[in-house]
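A.B. asks: So that we are looking at the same thing, I have put the structure below in structure tokens.
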Ligand SMILES: C[S@@+](CC[C@H](N)C(=O)[O-])C[C@H]1O[C@@H](n2cnc3c(N)ncnc32)[C@H](O)[C@@H]1O
């Protein structure tokens, strides 16, 4: 299965992107949601890096994720902070709630984990169905260049003096027709120079053109679309931009 985020991947995520680690995105989402009246949904909530600070801001945020291990980490962090968010194990492709949301937020480029165009379109439709009239979808995407240049490599994180985790990315294929990039992620846990465990995950992402994504949002019943660069509310994307943010309102 692709994009699994298993035991070691979740551990690495927690070390690399702990709760509150911001790339400017947490402040951006908090600012966009400040006047939000009603519940907010964060699909692909992960370890709660974004959800937990938003809860601390007094917002009502629910989350779901496909990975049990990620949800366990999110739950543990929440308890530690004295918070008890509603979390569930669901997938982009099939999630369902009886309630409707004032906003749906998808930070960290997680929408790109949906690699099939038709599936992505169906997910946008599902997002729309789960929004209140006038509700907003806010998400961010990596620019194409960041995904196309996939050179792989190895990174490591110390757990203690003699214990560490490594992540080796081995690029497999870049598919320019389907706008997807595929690689193997090999996670390893080492203690005193010995391998304790290893996990291999196939990891795939899709890149989107800015105009392409805007058109798809319009086609799926969104309007009042704003596009931001690098989490700056007054900055439009240029060829040198980093993350590209979209905010769109549900049209009736
Ligand atoms: C990059 S992390 C983002 C975590 C968090 N939103 C953040 O901003 O730090 C991506 C998350 O997407 C989840 N995920 C991957 N495929 C998914 C799917 N099909 N449905 C729901 N969640 C998925 C992974 O388990 C992982 O927790």
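Each reported figure results from applying straightforward, stated rules to the coordinates on display, with no laboratory input. Here the structure is a predicted model, which means the values were calculated and not measured. Cβ atoms come from the backbone with ideal geometry, glycine included; neighbour counts cover every protein chain shown.
A.B. asks: Choose one answer from 180, 115, 238: the residue with the largest mean-square fluctuation in a GNM of the chain with alpha-carbon springs under 10 Å.
C.D. replies: Looking only at 180, 115, 238, the biggest GNM fluctuation is shown by 238.
A.B. asks: Take the alpha-carbon positions of the chain, form their convex hull, and give its projected area averaged over all directions (one quarter of the hull surface) in nm².
C.D. replies: Mean projected area of the Cα convex hull: 13.6 nm².
A.B. asks: Still on this model: With axes computed from alpha carbons, what is the tilt in degrees of helix 117-129 against the longest principal axis of the chain, rounded to the nearest 10 within 0 to 90?
C.D. replies: Its long axis makes an angle of about 60 degrees.
A.B. asks: Springs between alpha-carbon pairs under 10 angstrom, Gaussian network model over the chain: which of 98, 69, 57 fluctuates most?
C.D. replies: Comparing 98, 69, 57 in a Gaussian network model of the chain, the most mobile one is 98.
A.B. asks: Distance from a point 7 Å along Cα→Cβ of residue 170 to each backbone N in the range 198-219: keep the residues under 16 Å and list them by number.
C.D. replies: In the range 198-219, the label zone of residue 170 (backbone N under 16 Å from the point 7 Å along Cα→Cβ) covers 198-204.
A.B. asks: Let me ask you something else. For the chain, find the longest principal axis of its Cα atoms and tell me its angle to the long axis of helix 7-16, 0 to 90°, nearest 10.
C.D. replies: For helix 7-16, the angle is close to 70 degrees.
A.B. asks: Ok, one more. If we restrict to alpha carbons, what Rg and Dmax does the range 145-205 come to, in Å?
C.D. replies: 14.1, 46
A.B. asks: Turning to a different aspect of this structure: Just 141, 195, 205 to compare: in a GNM of the chain, with alpha carbon springs under 10 Å, which one fluctuates most?
C.D. replies: Looking only at 141, 195, 205, the biggest GNM fluctuation is shown by 195.
A.B. asks: Also: How tilted is helix 210-219 with respect to the longest principal axis of the chain? Cα atoms for both, answer in degrees (0 to 90, nearest 10).
C.D. replies: 50
A.B. asks: Working out 0.36 nm times the residue gap between residue 99 and residue 232, then minus their Cα-Cα distance, what length gain in nm do you get to one decimal?
C.D. replies: Full extension of this stretch gives 44.8 nm more.
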